[in-house]
Amino acid sequence: PLVSMTDMLNKALEGKYAVGQFNINNLEWTQAILGAAEEEKSPVILGVSEGAARHMGGFYTVVKMVEGLVHDMKITVPVAIHLDHGSSFDKCKEAIDAGFTSVMIDGSHHPIAENIEMTKKVVEYAHAKGVSVEAEVGTVGGQEDDVIGGIQYADLNECVSIVKETGIDTLAPALGSVHGPYLGEPNLGFKEMEEIRDAVKLPLVLHGGTGIPLHDIQKSISLGTSKINVNTENQIAFAKVVREVLAAKPDAYDPRTFIAPGREAIKQTVIGKIREFGSSNKA
Ligand code: G3H
Ligand code: ZN
């Protein structure tokens, strides 16, 4: 069933595991992620960036596709459809009106006062409809769709203010993670993570989940991280397998013959992540 993130993340915080947000790009991506979550009996968050939503036709198409798959695949685990890095109130509203059960308003590229103001407006609209809200403070490095930036650590006081003044359900404090592959090992601010957890008492989100070693994932979870976002790792797994199949069968043209193996690669990658995050059998 489609639900907001609120319950899943509060349970994850209490149970010391994390729920994965896996970004979707198309039908096969969605099948792979839903199938993996169902097999693992894990709650799951389908992340949809504005660019990916555009690629798939729009927010309404995304919701109908997910609803259709949840029905046809007989999915029983909790599923959230979450706008990833929403850029404005209007975009969040559009997603909510189309049936998204959760949104992220990413005001992190604005001054904190503006970030708080736009986040507050989104929370008011979202909560009236039972939709959960994630906000971001500081800057995740690397590139995600239209959003590009360098790393800037979240400030503790800004984290406290945004939580107090807006009533968000979950907070993504940028603490050294990047979107896309890491150059070497990530250098996450665990001390800051702990301070923020103690001050805001909300489940925290870790963006840039691709390439974070298991020991850092476990440490993050022990310090209050209850949601971990993964996108690039599935893209790499898909592209690798599709390339291999096409190289081995240069005359292939039925798309199903090379997309299905790519879909299976995504599913196996997601199953691996779910196990690392400890959310198996938590549905
Ligand atoms: O919001 C999406 C994630 O932060 C994805 O990061 O592509 O590095 O896994 P990633
Ligand atoms: Zn992100």
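Any residue that is at pLDDT 95 or above, β-branched (V, I, T) and not in a strand (DSSP E or B) - is there at least one of those in the range 120-127? Within the range 120-127, one or more residues are at pLDDT 95 or above, β-branched (V, I, T) and not in a strand (DSSP E or B).
Residues to consider are S279, S222; find the one that is of a type outside the set (K, R) and under 20 Å from E40 (Cβ atoms). Show your work before the answer.
Values: S222 fails: under 20 Å from E40 (Cβ atoms).
Just one listed residue meets the conditions, S279.
Of all the numbered requirements in (1) over 18 Å from the mean Cα position of the chain (by Cα); (2) open to solvent by less than 50 Å² (accessible area, probe 1.4 Å), N157 misses one, and that requirement is (2).
Examine the range 47-61 for a residue that is in contact with a helix residue (DSSP H, G or I) (Cβ under 7 Å, 6 or more places away or on another chain), open to solvent by 70 Å² or more (accessible area, probe 1.4 Å) and over 27 Å from I196 (Cβ atoms), and state whether such a residue exists. Yes. Please indicate, with yes or no, whether at least one residue in the range 137-145 is open to solvent by 30 Å² or more (accessible area, probe 1.4 Å), within 16 Å of ligand 1 (Cβ to nearest atom) and hydroxyl-bearing (S, T, Y). Scanning the range 137-145 turns up no residue that is open to solvent by 30 Å² or more (accessible area, probe 1.4 Å), within 16 Å of ligand 1 (Cβ to nearest atom) and hydroxyl-bearing (S, T, Y).
How about the range 69-98: which of its residues are more than 16 Å from ligand 1 (Cβ to nearest atom) and open to solvent by 30 Å² or more (accessible area, probe 1.4 Å)? If you could, list the steps in order and put the result at the bottom.
So in the range 69-98, the residues more than 16 Å from ligand 1 (Cβ to nearest atom) come out as 69-79, 88-90, 93-94, 96-98.
Hits for the range 69-98 are H71, D72, M73, K74, T76, P78, S88, F89, D90, K93, E94, D97.
Among the residues of the range 196-235, those identified as of a type in the set (A, V, I, L, M, F, W, C) and over 17 Å from the mean Cα position of the chain (by Cα) are I196, A199, V200, L214, L223.
Restricting the range 191-224 to residues that are among the hydroxyl-bearing types (S, T, Y) and in contact (Cβ under 8 Å) with a residue 40 or more places away in the chain, which is least open to solvent (accessible area, probe 1.4 Å)? Spell out how you get there, then give the answer.
To start, the set of residues in the range 191-224 that are among the hydroxyl-bearing types (S, T, Y) comprises 210, 220, 222.
Checking which are in contact (Cβ under 8 Å) with a residue 40 or more places away in the chain leaves us with 220, 222.
Numbers: S220: 0, S222: 52 Å².
For the range 191-224, the residue satisfying everything is S220.
Scanning the range 3-34 for residues that are of a type outside the set (A, V, I, L, M, F, W, C) and within 16 Å of ligand 2 (Cβ to nearest atom), which turns out nearest to the chain's Cα centre (by Cα)? Step by step, filter the range 3-34, then rank; the result is Q21. Answer yes if at least one residue in the range 253-264 is outside any helix (DSSP H, G or I), open to solvent by 30 Å² or more (accessible area, probe 1.4 Å) and hydroxyl-bearing (S, T, Y), and no otherwise. Yes - at least one qualifying residue is present in the range 253-264. Residues considered: K227, K273, K267. Of these, the only one that is more than 16 Å from ligand 1 (Cβ to nearest atom), in contact (Cβ under 8 Å) with a residue 40 or more places away in the chain, of a type in the set (K, R) and buried (at least 20 other Cβ atoms within 10 Å of the Cβ) is K267.
The values are calculated or read from the model by the stated rules, or taken from the named source; none is laboratory data. Since this is a predicted model, take the numbers as computed values, not measurements. A quick note on method: Cβ atoms are made from the backbone with ideal geometry, for glycine too, and the neighbour counts reach across all protein chains shown. All accessible areas refer to the heavy atoms of the entire protein, side chains included, with ligands and DNA or RNA removed. Shrake-Rupley method; radii C 1.70, N 1.55, O 1.52, S 1.80 Å.
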